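Engineer: Okay, handing you the structure first.
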Amino acid sequence: MQLAPDALRFVLTQGLPAVIDVTGGSMEPTIARGEKVDVAALADRDPVDAGEIVLVATAAGVLLLHRVMITFDEGGARFVIHQGDAPASSFGVAARRDVLARMTGFASELRALPTLERLDAAARARFRRRRLACQGFLAARRLVHAFRLTDSALVRACAQAYRKLARALAG
C-alpha cells in the first residue's frame, strides 16, 4: 500500500520505518522510477552525512528522495543541500527538520544500498563536481547574508542563474 505524503509523515514521526514507491526520476539511474525503497525515520537531532540518500519534504508538500550534498548552520538553524543523481537534477536547500527519513535499502530485492563507495567512477566524479558547486552556492549565500541582501530580487535571480550554471557544469 502506498501512503499519502501526510500519512507517511505521520508514520515517520512515530519513529516507524516505511516502504515508499519512487515515483520520480530524480535519482535515476541509481534508483529507477517504480522501485520500492525502505526508509527509516530521522529525528531532528540525528546527523545526516554528505552522500546519504534521504527523504525530504518540500514546502509544496512534495516528498523527494535525494542525496545529501552538504549540511550547514545558519541563523541558529540547521539546513541541508540535497540533489538527485539524475543528470538533469538540480540542488535544493531544505531545513534539517524537513529531512524526514534516510534510505536503508531496497524493499523488492536484495540489492546493496547505493552509497557513494558503491557508485561507479563516473557517478562519484559527478557527485564531487556537484558538491563543489553546492559549496560555491553556500559561500555566495553566506556573503549575501553578511551584506544583508537576502530578500532582494537581484539575489534571487543570481541564485537561479547559479543553479542553472551549476547543473550545466556539474552534470
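Engineer: In nm, give the distance between the simple-model label positions of Ala86 and Ala161, each being 7 Å from the Cα along the Cα-to-Cβ direction.
Structural biologist: In this crude spin-label approximation the distance works out to 2.7 nm.
Engineer: Per 10 Å bin, what is the whole-percent P(r) computed from every C-alpha pair distance within the chain?
Structural biologist: Taking every Cα pair in the chain, the percentages come to 10, 37, 35, 15, 2, 0.
Engineer: When a footprinting reagent is the concern and you count Cβ atoms within 10 Å, what order do Val37, Val62 take, fewest first?
Structural biologist: Sorted ascending by nearby Cβ count, the order is Val62, Val37.
Engineer: In addition: Which distance in Å, rounded to a whole number, links the C-alpha centroids of segment 127-165 and segment 36-80?
Structural biologist: Here the two parts' Cα centres lie 19 Å apart.
Engineer: A follow-up question, please. In square nanometres and to one decimal, what's the mean projected area of the convex hull around the Cα atoms of segment 1-95?
Structural biologist: Hull-based average projected area comes out at 6.2 nm².
Engineer: Given the Cα-Cα distance of Arg128 and Val62 and 0.36 nm per residue of separation, how much length would full extension add, in nm?
Structural biologist: 21.1 nm
Engineer: Return the calculated 222 nm mean residue ellipticity for the chain, to the nearest 500 deg cm²/dmol, obtained by summing -39500 (n - 2.57) across DSSP H runs with n ≥ 4 and dividing by the residue count.
Structural biologist: Rounded to the nearest 500, it is -10500 deg cm²/dmol.
Only the coordinates and a few stated rules stand behind these numbers; no lab work does. In this text, all values refer to a predicted model and were calculated from it rather than measured experimentally. Reconstructed Cβ throughout: ideal geometry from the backbone, glycine too, with neighbour counts over all protein chains shown.
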